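The structure appears below as structure tokens.
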Amino acid sequence: MDRRDMLKALGLSTAVGALGMARPQDDIAANNFAKATKGLPPLKITNVKAILTAPQRIRLCVVKVETSEPGLYGLGCATFNQRPLPVAVSVDEYLAPFAKGRDVDNIEDMWQNAYTSSYWRNGPVLNNALSGLDQALWDIKGKRANMPVYQLLGGKCRFAVDCYTHCSGNSPERVEQSVRRAMERGFRHIRIQCGGYGSPHLTKGAHFKDADFALPSDSTMEVRPYVEATVEMFDRVRSACGASIELLHDIHERIPPLEAINLIKRLEPYRPFFIEDPFSPEDNGYFKLLRQQTSVPIAMGELFNNPHEWVELMSQRLIDFIRVHISQVGGLSVARKIATLGEWFNVRSAWHGPGDVSPVGHAANAHLDLAIWNFGIQEAVHFSDETREVFPGSPTVEKGYMYVNEAPGFGVDIDQKLAAKFALPEHPGYWTPVRRPDGTAVRP
Ligand code: GCO
Ligand code: MG
């Protein structure tokens, strides 16, 4: 007699929730659950598998964890768009044999032991793989408890998740038009960029190409045109779109630290909601100087992998928003600890949420956003119809608010057959070098 039959015999049924098809939970009261499962074998992990798919031509990696209860599985995001294959190998060749046979319930124990199973740790590939396993276990826990994951984290602190959207254009006028459209769609927070990161479209002289240095396909960006265009863009959008719209900007570590500090000081009159990634993680030492120079709110974190990168910045109140890419730091089990750390220093969340986070990852962001007091803002992107078909139950955005599918777990499923139809793009995913006119490499 398998586990489910035994529970049924006791008049109980496991709460296998698959997108809202969870059976009534009322036959498992907490005290009965312990009695009912006493002596039953713990639920085991039977398989851990990386699934690669690219419905929007972005290399998504989702981990599926299957269990000894037929039909009960979990999904976790392990998306590292620039290096998807080593993440998938780390999952299939290392985490799968490590996790098989272990108890599906003990998420923290699994995380702590999987984290050190490679001995060397805290890198982007292994953290993403670990996140896939970790988030899948939270998804399973929610299905078993017949609750959305945010309930397991303490329930809702807000009715939905306030979001920001991206607006850009190759001129301040174009950015203004894009902002007006986003405001009409109900967004109250909007990230504005003049062109791509660092406004490469404004670069005049790619002198290194004339000198036949590096490759012609390498791109160029200059500091001055970007800085001036950004100030002009804020001036235009703030005066044209009014005082109440919240404007964000991402420097994306593209200019030297003192240039970033001077740019942020020049943006003060336009009241940015936050300025993101003023420095590279290697330049974390500049945050102290930045804090002495300006009170513009600062967001940082999408490139962080290691607790040494965020603990001091947060505990010294040197940043206002922590923007880690949750799978990049090792999953939901880590992100919720980061959120708790932030609460004591009033550092708010702004989890990384661009196109290269899977809908499972966006759901994990949103479940955590719902359950923490020190929520800041959530980055949101448009999911195409194909993406929504591959990932039924993906979060939705209405009038600038994100909603999760109120099903047990993260509420997102995967159609594996359809996922297989969206193979990864030919290009392996590395970023082409960005260079100053003399050819010096720019941190992208
Ligand atoms: C953001 C990020 C992204 C990253 C991208 C890297 O703020 O959303 O900067 O745009 O550049 O996720 O792959
Ligand atoms: Mg960014």
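The values are calculated or read from the model by the stated rules, or taken from the named source; none is laboratory data. Since this is a predicted model, take the numbers as computed values, not measurements. Please note: Cβ atoms are built from the backbone with ideal geometry, for glycine as well, and neighbour counts cover all protein chains shown. For accessibility, only protein heavy atoms count, side chains too; no ligands or nucleic acids. Shrake-Rupley method; radii C 1.70, N 1.55, O 1.52, S 1.80 Å.
Give the peptides 306-318, 352-364, 426-438 in descending order of average Cβ contacts within 10 Å, highest first.
352-364, 306-318, 426-438
Beta carbons within 10 angstrom, averaged per residue: use that to sort the peptides 388-397, 320-329, 181-190, highest first.
Most protected by this proxy first, the peptides run 320-329, 388-397, 181-190.
Helix 107-116 versus the longest principal axis of the chain: what is the Cα-based angle in degrees, 0 to 90, to the nearest 10?
With both axes taken from Cα atoms, the answer is about 60 degrees.
Kindly state, to the nearest 0.05, the FRET efficiency for residue 268 paired with residue 399, given R0 = 35 Å and r defined as their beta-carbon distance.
Calculated transfer efficiency: 0.75.
Of the accessible area of the chain, with the probe set at 1.4 angstrom, what percent is carbon plus sulfur?
Percent of accessible area from carbon and sulfur atoms in the chain: 54.
Within the range 146-181, find all residues whose amide N lies under 11 Å from a label point positioned 7 Å from the Cα of residue 240 along Cα-to-beta-carbon.
Residues 169-181 fall inside that zone.
When DSSP assigns beta bridges and you keep just the ones with both residues in the range 161-409, what percent turn out antiparallel, to the nearest 5?
20 percent
With runs of 4+ DSSP H residues as the only contributors, calculate the mean residue ellipticity of the chain at 222 nm using -39,500 (n - 2.57) per run, divided by the residue total and rounded to the nearest 500.
Only helices count here, giving -10500 deg cm²/dmol.
Quick check for you: which residues of the range 336-351 have the amide N under 19 Å from the point 7 Å beyond the Cα of residue 306 toward its beta carbon?
338, by backbone N distance to the label point.
For the pair residue 157 and residue 418, what calculated FRET efficiency results from E = 1/(1 + (r/R0)^6), where r is the Cβ-Cβ distance and R0 = 22 Å, to the nearest 0.05?
Result of the calculation: an efficiency of 0.05.
Quick one: Cα centre-to-centre distance for the range 80-126 and the range 344-386, in angstrom?
Measuring centre to centre over Cα atoms gives 22 Å.
With labels modelled as points extended 7 Å from the Cα through the Cβ direction, what inter-label distance (nm, one decimal) is found for residue 440 paired with residue 44?
Label-label distance for residue 440 and residue 44, simple model: 5.9 nm.
Which residue, 163, 241, 61, has the most motion in a Gaussian network model of the chain that connects Cα atoms within less than 10 Å?
Highest fluctuation among the options: 241.
Testing the spin-label approximation: label points 7 Å from Cα along Cα→Cβ at residue 295 and residue 83. State their distance in nm.
The modelled label-to-label distance comes out at 4.2 nm.
What does the highest-first list of 132-139, 225-232, 113-120 look like by mean Cβ count within 10 Å?
Top of the packing list down: 132-139, 225-232, 113-120.
Taking 25 Å as the cut-off for C-alpha to C-alpha distance, list the pairs among 143/417; 38/156; 49/143 that go past it.
Result: 38/156 exceed 25 Å.
Considering only protein heavy atoms, what per residue accessible area in square angstrom results for the chain with a 1.4 angstrom probe?
42 Å²
So for the chain, averaging the separation of alpha carbon pairs under 8 Å that are six or more residues apart and normalising by length, what relative contact order in percent results?
21 percent
Any chance you could give the angle, 0 to 90 degrees and rounded to 10, that helix 359-371 forms with the longest Cα principal axis of the chain?
Between the helix axis and the principal axis of the chain, the angle is about 90 degrees.
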